[in-house]
Amino acid sequence: MTSKRPLWLYPLFQIPGILLGLFLVLALLFWLLGWGRPTVAVTIALDLSPSTYEKSPFNDPSTVKAQEVAAVRSYLEQNSQQLKIPNQIQILGFGGQVVELTRGFLSDRQQLETELTNALANPSLPLRIGDGTNLNQAIEQGTKALGSLSQHCRELLLVTDGAADVSPSVIAQAVSQGVKINALVVGVDAPQLQMAASGTRGIYIQGVGSSLQAFLTDRFFPRFNSNLRWIALWLGLAWVALMWLLTLPLDRWVFQGWLSLPMNLSGQLALGNAFFWSGLTPFILWRVWQFLGLPFFSSC
């Protein structure tokens, strides 16, 4: 044991060590600099049906509807401050009917807030929205609008206080257009909306009470603009490099030195550990990417 060369002089130690350092640096740079974030378009559909403000005035600041609007404004603020390339955003209001609250997709916060404020101040808006909660129409119109954009990840975010039917054909249309349906539900559970979110790899959150603003900025915004798929890639490759880096230490210090195993057996165990993790890590990454999306091949 004492006559053997130091481990760091062997290529089997040097090459994995260099790769380990490279992959960790890449993971750190992607995390700090936000490299690999997707270009995102978001349609936010707000439930403005009478149940969101009950017997109060339409623009009363104490209603669920007012909480929805405040949460959207927080999203717009975060969008303008934290992203080099802000999300393209369109805001819809829906009840029995769907009404555009902003014209098309915009990334400028001031313009979005101005158009949203003007639309909400229009005294005819409650009549145009009507009664009921027409989720099918909200999803259809949001999907149609998002489908007109190319080179964007397409996110549809529904903020509603009630359950309603969601047609399987509407979900299928969203899937065909590459639109993810996300839902933030205040109050009762909405199983069909949950199924729609699950079927399109979106997020479903129910029973949030007065936490709309926090969920929109802390859960949905980071998910829409995440580069975790890239960070997972570099960390996964770093883990494989680490397992190969440990081959010689395991062989010499653990299996031969501590456990006193024969040289041939200790070498087989050390290499077996490296090959095991080299095979398992891609499978783990694939499972992660099924939820987050594939790097290289798809940004969404």
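For the stretch 82-132, what are the residues that are of a type in the set (D, E, K, R) and over 24 Å from Ser150 (Cβ atoms)? Steps first, please.
Keep residues of the stretch 82-132 that are of a type in the set (D, E, K, R), which gives 84, 100, 103, 108-109, 113, 115, 128, 131.
If the condition is that a residue be of a type in the set (D, E, K, R) and over 24 Å from Ser150 (Cβ atoms), then Glu113, Arg128, Asp131 are the ones that fit.
Any idea which residue in the stretch 24-69 is farthest from the chain's Cα centre (by Cα), counting only those that are assigned to a loop (DSSP other than H, G, I, E, B) and basic (Lys, Arg)? Steps first, answer last, please.
Taking the stretch 24-69 first, the residues assigned to a loop (DSSP other than H, G, I, E, B) are 34-39, 48-49, 53-63.
Narrowing further to those that are basic (Lys, Arg): 37, 55.
On the way: Arg37: 10, Lys55: 36 Å.
If we take residues in the stretch 24-69 being assigned to a loop (DSSP other than H, G, I, E, B) and basic (Lys, Arg), then Lys55 is farthest from the chain's Cα centre (by Cα).
From the set of residues in the stretch 8-62 that are among the aromatic types (Phe, Trp, Tyr) and in contact (Cβ under 8 Å) with a residue 24 or more places away in the chain, which is surrounded by the most Cβ atoms within 10 Å (Cβ to Cβ)? Don't jump to the end; show me each part of the working.
Quick first cut of the stretch 8-62, residues among the aromatic types (Phe, Trp, Tyr) only: 8, 10, 13, 23, 30-31, 35, 53, 58.
Cutting the leftovers down to in contact (Cβ under 8 Å) with a residue 24 or more places away in the chain gives us 10, 13, 23, 30-31, 35, 58.
Details: Tyr10: 13, Phe13: 18, Phe23: 20, Phe30: 22, Trp31: 16, Trp35: 12, Phe58: 18.
The extreme case among them is Phe30.
Looking at the stretch 125-143, I want the residues that are on the phi > 0 side of the Ramachandran plot and have a partner that is not hydrophobic (A, V, I, L, M, F, W, C) with Cβ atoms under 7 Å, at least 6 apart or on another chain. Which pairs are those? Within 7 Å, the pairs are Gly130/Gly95; Gly130/Gly96; Gly130/Gln97; Gly132/Ser49; Gly132/Gly95; Gly132/Gly96.
Residues are listed down the side, and each one gets a yes or a no for (1) basic (Lys, Arg); (2) modelled with pLDDT under 90; (3) surrounded by fewer than 16 Cβ atoms within 10 Å (Cβ to Cβ); (4) within 17 Å of the chain's Cα centre (by Cα):
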site: Gly202; (1), (2), (3), (4): no, no, no, yes
site: Leu228; (1), (2), (3), (4): no, no, no, yes
site: Pro249; (1), (2), (3), (4): no, no, yes, no
site: Trp253; (1), (2), (3), (4): no, no, yes, no
site: Leu259; (1), (2), (3), (4): no, no, yes, no
site: Ala270; (1), (2), (3), (4): no, no, no, no
site: Trp289; (1), (2), (3), (4): no, yes, no, yes
site: Pro295; (1), (2), (3), (4): no, yes, no, yes
site: Cys300; (1), (2), (3), (4): no, yes, no, yes
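Candidates Glu100, Glu54, Glu77, Glu68: the one that is on the phi > 0 side of the Ramachandran plot and assigned by TED's automatic domain parsing to the domain that holds Ile181 is Glu54. Determine, yes or no, whether Ile85 is surrounded by fewer than 21 Cβ atoms within 10 Å (Cβ to Cβ), more than 20 Å from Gly293 (Cα to Cα) and at pLDDT 90 or above. Spelling it out, it is not the case that Ile85 is surrounded by fewer than 21 Cβ atoms within 10 Å (Cβ to Cβ), more than 20 Å from Gly293 (Cα to Cα) and at pLDDT 90 or above.
Looking only at the stretch 100-124, filter to residues that are assigned to a helix (DSSP H, G or I) and touching a residue at least 12 places away in the same chain (Cβ under 8 Å); which one of those is surrounded by the most Cβ atoms within 10 Å (Cβ to Cβ)?
Here is the first cut: in the stretch 100-124, the ones assigned to a helix (DSSP H, G or I) are 109-121.
Now narrow it down to the ones that are touching a residue at least 12 places away in the same chain (Cβ under 8 Å): 109, 112-113, 115-116, 119-121.
Details: Arg109: 18, Leu112: 25, Glu113: 17, Glu115: 18, Leu116: 21, Ala119: 17, Leu120: 18, Ala121: 10.
Only one residue fits best here, namely Leu112.
Within the option set Val159, Val166, being surrounded by 17 or more Cβ atoms within 10 Å (Cβ to Cβ), in the same structural domain as Tyr204 (by TED's automatic domain parsing) and under 22 Å from the mean Cα position of the chain (by Cα) holds for one residue only, Val159. Is it the case, given these coordinates, that Arg73 is closer than 23 Å to Ala214 by Cβ and either of a type in the set (Lys, Arg) or modelled with pLDDT under 90 (or both)? Yes; evaluated as a whole, the condition is true for this residue.
The values are calculated or read from the model by the stated rules, or taken from the named source; none is laboratory data. Every value quoted in this text rests on a predicted model; they were computed, and no experiment measured them. So basically every Cβ, Gly included, is an ideal-geometry build from the backbone, and we count neighbours across all protein chains shown.
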